[in-house]
Amino acid sequence: MELASRYSPTGVEQKWYKYWEDKKYFKSVPDSREPFTIVIPPPNITGVLHMGHMLNNTIQDILIRRARLQGKNACWVPGTDHASIATEAKVVKMLRDQGIRKSDITREAFLEHAFEWKMKYGDIILFQLRRLGASCDWDRTAFTMDEVRSKSVIKAFVDLYKKGKLYRGNRMIHWDPEAKTVLSNEEVIYKEENAQLFHIRYALQDDPNISVTIATQRPETIMADVAIAVHPDDPRYQKLIGQKVLIPLIQKAIPIIADSYVELEFGTGALKVTPAHDQNDYEIGMRHQLEVVDILNEDGSLNSNAQILIGEDRFAARKKIKKLLDEAGVLVEIKDYQTNIGRSERTNAVVEPRLSLQWYVDSKQMAAPALKAVFENNIEFLPENMKNTYRHWMENIRDWCISRQLWWGHQVPAYYYDKELFVAETREEALFEAKKKIGESSFDESLFIQDQDVLDTWFSSWIWPISVFDGFSDSADFKYYYPTNVLVTGWDIIFLWVARMIMAGYEWMNEKPFHKVYFTGMVRDKQRRKMSKSLGNSPDAIALLDEFGADGVRFGMLSSSPAGGDLLFDEKLCDQGRSFCNKLWNAMRLIKSWNPKEQKTSMSDQLVLDWMEERIVEIYTESDRLIEQSKLSEALKLIYSFIWEDFCGFYLEALKPREEHFISLEVFDKTILFFDKICTILHPFMPFITEEIWHQLKDRMEGEDCMMSSYAEKKTMNTSLLDGIQEIRNVITQSKDLRNKHSIKLNVEVPLFIHQSEQGSILSVKGAKELIIKMAKLSDCTTTDSDISNAQSFIGLRNKYYILLPITMDVEQEKIKLLEEIKYALGFVDSIEKKLANERFMANAAKDLIDKETKKLQDGHIRLKSLKESLHALSIDN
RNA sequence: GGGAGAUUAGCUCAGCUGGUUCAGAGCAUCUGCCUUACAAGCAGAGGGUCACUGGUUCGAACCCAGUAUCUCCCACCA
């Protein structure tokens, strides 16, 4: 069977994914093994796979596959988030396209549409994750609004309420006029934007000739003004305090008050006080017992309290009122300035401060154990500096507004009868309580109504590590899998999600939800811009998978992605991943072309085999250590260069039969064994190609799959062998380089001489000679006791080497080269001698280090001597 | 306003507890090669005052102080 010279992931990836799934390799049930658990950060059902997901889930898959190879009971729980605001917006739009308005249908009808939408689109992203190779236990797929998760949410709410950690409060909140719901602080994104500052003149009620000029960015709210505030010490306004001014256009009289909140320097030093539409104004209003005039509707349009411009949207109203004020002659000036504007994370609408009655979680007491856990390193953060961010937020935590004026979500399990409030897990329970309190006889059930709001999406996410295992029902799964091992997520949701999960873990289970949090960076484009739909700079994830294959993309995502650091995505990296697949593929093709035969393994082959055996142990140990430290990209880079340089570049080249394809049985078998191990080591990173090669290499028994193989056993390493090969490779490179520099083609075979030193030479290693001759394309390789003056030379670890090239020597050039090397060697020796002569160094340095330095000094002296001899010989001969 | 981090090759970044075979990798560049697995390849090469200034130390890319530039987070004044 002829294999193409290029690896094609198409078909191969689908084949193996199905194979693994059919064999139920992703499935996990509690058993006696050690569990290794990850819960997925549930993607929104409105989402399609983007770069952030790919990065995130690649990392999770690597960790979970590695755990599986280590023999642990690996369990990766997938699922989706109902994404209250985002989904509701999508469904509203879908209905609008069908000519249906949300306001025209009932809550039940709307939810029916919404569930229908979810059924149709909600799991798309989970299928896209399969393309990436994600080895989730799909049987466990959870959804934040499915039965178990919904029950958990309600339980959590009722429990908190009973513990007195939930309350309703009438406060200034952030209102999203587009989604028509309240938002939590964390859902508002502030950004500096260009705005205008309007200076408007308010005339005194008693004397139209005197006026006060205020500065505002929102002139459309002047009708909601209830006072003008000035600083009590401001000399400009001293006489006016206590008097009244008229609001322009509507001529409403409002008092001038003094409040030290006002800054003298800003604007005109006079502040219009609008309690209904500004947090700080609200507080001023409270202090001065001012009324609250709300002139905005929930959609951001002006209501009848405004008296003018009723029904106009706030931004349209701003334009219009500007004209009106100008015509009235009260618009003094307009200044451009920059200010922070808060926008809704989901709809991007400018948020509106608004006074409203909402449900809150009393967060302060919950924060304490959550903060402690992280600072005592009971929960590890990666990168560590995220701890500071976390602490700052935790120490200044504000109560969490959890109610939302939406339909899609978990309806607040609170019920009202007249003015009485009943909170219970079911309507029946609440009803029972209500009747008990009110009295059965006078009870009118039609007056018994449930709270119309739903809960913040994050109120279901924060118990996700608990609810996916049905932890509130004390399940066996929960006991086995919780706490989970690691959470992999972006740092942008550290407050929205991570911090709250930790709080929830301690609140209900008195145990952390995960041991470690691996924060990934944001995926950015080459210009460092965050990838976003609106910029159009985000590549289509599926198209990428099609083009480069999942393994290629996984390689690309990971190869430049340290924890926490942002990833500058470049398709080139995926291309490099694809090339790597091709390299592996061709290594396999080479091995498959060999004809194993009963013959003795040559000495040089034996040397290479022994070396590779050591090298694999070394690479496994080192890469394992890196993964343990969560340095995944470094681990991958290490494995990559090992495979490319050592395995393909040296090992296979060294063993490759020159003309015939015959090879000794031992070499053949061992090579396959090595390749097996390499596949296993690489598998977590690039699962598809490794499984494919695994099966191409030889016929496997049932269940003998790369995904379920086991890691190489750790052994102590023979470092002298590793050093020996390093010297051999050095000699080979230098020999080739010298020929290259002198334009001697590689197929011109030339002799190499090794100057014997007291420690002998590399040729004392069995097989070294043959190996050097073969790899460096030499005619011969022998030792010598004297200097070869007409040859090109180079210095190895301990020996000097001469390569005899068919050229005439440039003596002067050679001398300069030697002098430079001598200079360096002198400095080197000198610095070590100084170091060793230093009492403080000898007293403080570890013994290991001193030994190492002593050895370095010896080597240095040998080199120096050899160099000097060469220079001497060169001078005498010429 | 408060806080965190960064500054190393043309670009993107490694460099763990200070120790001159550690100043590294990948990409890019240059030179030579279609050498029987791979041109998505092979053999090589060049390139850095480790932001700046001091200090600690026998020794500093690494520790300390200051300066400059940049990034991010939090809080927010109309």
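Normalised by the residues of the range A:337-470, what does the relative contact order come to in percent, with Cα pairs under 8 Å and at least six apart? Mind showing how you got there, number by number?
Working: 126 pairs, mean separation 30.8, N = 134.
With pairs under 8 Å counted, the relative contact order is 23 percent.
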* Can you give the convex hull volume per residue for the Cα atoms of the range A:482-547, as a whole number of Å³? -> 124 Å³
* Would you kindly calculate the translational diffusion coefficient of the range A:610-669, applying Stokes-Einstein with the Kirkwood radius from alpha carbon pairs, for 4 °C and a viscosity of 1.567 mPa s, and quote it in µm² s⁻¹ without decimals? => 101 µm²/s
* To do: For A:Cys75, enumerate residues with amide H under 5 Å from its amide H, sequence gap 5+ or separate chain, H modeled in the peptide plane.
  => A:Phe36, A:Thr37, A:Ile38
* Along Cα→Cβ, 7 Å out, is where each label goes; now give me the distance between the ones at A:Glu384 and A:Val332 in nm to one decimal. => 5.5 nm
* Using only the alpha-carbon atoms of the range A:387-488, report the extent along each of the three principal axes, biggest first, to the nearest angstrom. => 56, 36, 25
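Take each of the peptides A:382-395, A:440-453, A:568-581, average the number of other beta-carbon atoms within 10 Å over its residues, and list them starting from the highest. Provide the component values of the computation, followed by the final result.
Details: A:382-395: 15.2, A:440-453: 12.0, A:568-581: 19.2.
Packing proxy ranking, top to bottom: A:568-581, A:382-395, A:440-453.
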* Tilt relative to chain A, helix A:603-628 - C-alpha long axis, 0 to 90 degrees, to 10 -> 20 degrees
* To do: Two decimals is fine: what is log10 I(q)/I(0) at q = 0.13, 0.14, 0.15 Å⁻¹ for the range A:27-159, from a Debye sum with one equal scatterer on every Cα and no solvent?
  => -0.66, -0.74, -0.81
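Using only alpha carbon pairs under 8 Å that are at least six residues apart, calculate the relative contact order of the range A:629-768 and give it in whole percent. Can you show the working numbers first?
Working: 49 pairs, mean separation 21.6, N = 140.
Result for the range A:629-768 is 15 percent.
Based only on Cα atoms, what Rg/Rh ratio does the range A:668-797 have, Rh being taken as Kirkwood's radius? Walk me through the intermediate numbers first.
Numbers: Rg = 20.5 Å, Rh = 18.0 Å.
Radius of gyration over Kirkwood radius for the range A:668-797 works out to 1.14.
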* Where does the range A:204-297 land on Rg(C-alpha)/(2.2 N^0.38 Å)? -> 0.99
* Using the Karplus curve 6.51 cos²θ - 1.76 cosθ + 1.60 with θ = phi - 60°, work out ³J(HN,Hα) for each residue of the range A:737-742 in order, rounded to whole Hz, and write x for Gly and Pro. => 4, 4, 5, 4, 5, 9
* Asked: Taking a threshold of 25 Å on the Cα-Cα distance, which of the pairs A:Lys24/A:Lys512; A:Lys364/A:Lys516; A:Lys766/A:Lys800; A:Lys597/A:Lys774; A:Lys155/A:Lys435; A:Lys23/A:Lys592 fall above it?
  -> A:Lys24/A:Lys512; A:Lys23/A:Lys592
* What does the charge dipole of the range A:114-192 about its Cα centre add up to, to the nearest 20 debye, if the Cβ of each Lys and Arg holds +1 and the Cβ of each Asp and Glu holds -1? -> 360 debye
* **Cut-off under 5 Å, modelled amide H: who pairs with A:Lys252 long-range** => A:Ile247
* **Distance cut-off 16 Å, percentage of C-alpha pairs in the range A:392-443 lying past it** => 57 percent
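If you average the sequence gap of Cα pairs under 8 Å that are 6 or more apart and divide by the length of chain A, what percent do you get for the contact order? Present the calculation step by step, with values, prior to reporting the outcome.
Values: 1457 pairs, mean separation 106.3, N = 878.
Relative contact order of chain A: 12 percent.
Going by average Cβ neighbours within 10 Å, how do the peptides A:97-105, A:296-304, A:503-511 rank, with the highest at the top?
Top of the packing list down: A:503-511, A:296-304, A:97-105.
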* Structure fact -> From DSSP H assignment alone, runs of 4+ in chain A each adding -39500 (n - 2.57), the sum over residues rounded to the nearest 500 puts [θ] at 222 nm at -13500 deg cm²/dmol
* Asked: Rounded to two decimals, what is Rg over Rh for chain A when you use alpha-carbon atoms and the Kirkwood radius?
  -> 1.11
* Convex hull of Cα atoms in the range A:484-623, direction-averaged projection (nm²) -> 13.9 nm²
* Asked: Any idea what angle helix A:427-438 forms with the longest principal axis of chain A, computed on alpha-carbon atoms, 0 to 90 degrees, nearest 10?
  -> 30 degrees
* Structure fact -> Taking max minus min of the Cα coordinates of the range A:254-338 on each principal axis, largest first, gives extents in Å of 34, 29, 26
* **Nearby lysines by direct alpha-carbon distance to A:Lys191 (threshold 23 angstrom, same-chain neighbours under 8 apart not counted)** => A:Lys180, A:Lys319, A:Lys335, A:Lys526, A:Lys530, A:Lys533
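Hey, how much of the P(r) for the range A:17-89 falls beyond 19 Å, as a percent of Cα pairs?
On the way: 1196 of 2628 pairs.
Cα-Cα pairs in the range A:17-89 separated by more than 19 Å: 46 percent.
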* To do: Collect residues whose amide H, placed 1.01 Å from N in the peptide plane, falls under 5 Å from the amide H of A:Ala229; neighbours closer than 5 in sequence don't count.
  => A:Ile257, A:Leu271, A:Lys272, A:Val273
* Structure fact -> Tilt, helix A:847-877 to longest principal axis of chain A (alpha-carbon atoms), in degrees rounded to tens, equals 50 degrees
* Structure fact -> A correct Karplus calculation of ³J(HN,Hα) over the range A:566-579, with 6.51 cos²θ - 1.76 cosθ + 1.60, θ = phi - 60°, whole Hz and x for Gly and Pro, returns 5, 10, 8, 6, 9, 4, 4, 5, 5, 4, 5, x, 5, 4
* Dipole in debye (nearest 20) - chain A, about Cα centre, beta carbon charges: Lys, Arg +1; Asp, Glu -1 -> 900 debye
* If you count the DSSP beta bridges with both ends in chain A, what percent of them are antiparallel, to the nearest 5? -> 70 percent
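For A:Lys592 and A:Asp723 in one chain, what is 0.36 nm times their gap in residues minus the Cα-Cα distance, to one decimal in nm? If you can, show how the numbers build up before the last one.
Values: separation 131, 0.36 × 131 = 47.16 nm, distance 3.02 nm.
Additional length available on full extension: 44.1 nm.
State whether the range A:284-431 is rounded, prolate or oblate according to the following rule on the C-alpha gyration tensor (a ≥ b ≥ c being the square roots of its eigenvalues): a/c under 1.5 gives rounded; otherwise a/b larger than b/c gives prolate, and the remaining case gives oblate.
Numbers: a/c = 2.58, a/b = 1.44, b/c = 1.79.
Oblate shape, in that a/c is at least 1.5 and b/c is the bigger or equal ratio.
Please compute the per residue accessible area over chain A with all protein chains in place, 1.4 Å probe, rounded to a whole number of Å². The partial results should precede the final answer.
Working: 40330 Å² over 878 residues.
With all protein chains present, chain A gives 46 Å² per residue.
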* When the Karplus curve 6.51 cos²θ - 1.76 cosθ + 1.60 is applied with θ = phi - 60°, which whole-Hz ³J(HN,Hα) does each residue of the range A:317-328 get, with x for Gly and Pro? -> 4, 4, 4, 5, 5, 4, 5, 4, 5, 4, 5, 6
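What percentage of the solvent-accessible surface of chain A, computed with a 1.4 Å probe over protein heavy atoms, is contributed by carbon and sulfur atoms?
Values: 20030 of 40330 Å².
The computed percentage sits at 50.
The values are calculated or read from the model by the stated rules, or taken from the named source; none is laboratory data. Keep in mind the model is a prediction, meaning the values are calculated, not measured. In this analysis, Cβ positions are derived from the backbone assuming ideal geometry, glycine residues included, and neighbour counts consider all displayed protein chains. Side chains included, ligands, DNA and RNA excluded: accessible areas come from the protein's heavy atoms. Shrake-Rupley method; radii C 1.70, N 1.55, O 1.52, S 1.80 Å.
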